[in-house]
1. Please specify each residue of segment 17-35 satisfying the condition of being over 15 Å from residue 48 (Cβ atoms) and at pLDDT 95 or above.
2. Please name all residue pairs, on different chains or six or more residues apart, with Cβ atoms under 8 Å, provided the first residue is in segment 21-39 and is part of a loop (DSSP other than H, G, I, E, B) and the second residue is surrounded by 18 or more Cβ atoms within 10 Å (Cβ to Cβ).
3. Which of (1) closer than 18 Å to residue 92 by Cβ; (2) at pLDDT below 95; (3) surrounded by 14 or more Cβ atoms within 10 Å (Cβ to Cβ) is the odd one out, the single condition residue 52 does not satisfy?
4. Quick one: residue 59 ticks every box in (1) farther than 17 Å from residue 22 by Cβ; (2) at pLDDT below 90; (3) more than 16 Å from the chain's Cα centre (by Cα) except a single one, so which number is it?
5. Among the residues of segment 66-77, is there at least one that is exposed (fewer than 11 other Cβ atoms within 10 Å of the Cβ), more than 12 Å from the chain's Cα centre (by Cα) and either part of a strand (DSSP E or B) or without any contact (Cβ under 8 Å) to a residue 40 or more places away in the chain (or both)?
6. Can you find, within segment 1-19, the residue that is surrounded by the fewest Cβ atoms within 10 Å (Cβ to Cβ) among those that are more than 18 Å from residue 85 (Cβ to Cβ) and in contact with a strand residue (DSSP E or B) (Cβ under 7 Å, 6 or more places away or on another chain)?
7. Given the conditions (1) surrounded by 11 or more Cβ atoms within 10 Å (Cβ to Cβ); (2) in contact with a strand residue (DSSP E or B) (Cβ under 7 Å, 6 or more places away or on another chain), and given that residue 90 satisfies all but one, which numbered condition is not satisfied?
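The values are calculated or read from the model by the stated rules, or taken from the named source; none is laboratory data. Quick caveat: nothing in here was measured; it's all calculated off a predicted structure. Cβ coordinates were reconstructed from backbone atoms using ideal geometry, including for glycine residues, and neighbour counts include every protein chain displayed.
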């Protein structure tokens, strides 16, 4: 889930490339609610999209050294009603 805690925007079916490198990219599906006339009565849509993970950082997880991506950017492949051009999220660097 992204952007909202109410499951109105999320990505799924991701196919990753470059995992573990400075940036990892994925193609997948963006699911979003058009919130028309308002979110509780809106309609869900699915479009192709891309995700990029970046800002790889080192830390510890259960006492072991680990690496974490701390930035996520999701860009839908096409625009629809009330879908943002891109969503940027800061991710926590812990397990």
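1. So the first thing to find is which residues in segment 17-35 are over 15 Å from residue 48 (Cβ atoms), and the list is 17-24, 33-35.
Of everything in segment 17-35, those that are over 15 Å from residue 48 (Cβ atoms) and at pLDDT 95 or above turn out to be 17, 18, 21, 22, 23, 24.
2. 23/53; 34/83; 35/8
3. Single failed check for residue 52: (2).
4. Among (1) farther than 17 Å from residue 22 by Cβ; (2) at pLDDT below 90; (3) more than 16 Å from the chain's Cα centre (by Cα), the lone unmet condition for residue 59 is (1).
5. Here is the first cut: in segment 66-77, the residues exposed (fewer than 11 other Cβ atoms within 10 Å of the Cβ) are none.
No.
6. Our first condition is that a residue be more than 18 Å from residue 85 (Cβ to Cβ); within segment 1-19, this holds for 1, 5-7, 12-19.
Filter again for in contact with a strand residue (DSSP E or B) (Cβ under 7 Å, 6 or more places away or on another chain), leaving 1, 12-18.
Details: 1: 12, 12: 10, 13: 11, 14: 14, 15: 8, 16: 13, 17: 10, 18: 12.
Here the residue is 15.
7. Looking at each condition in turn, residue 90 falls short on (1).
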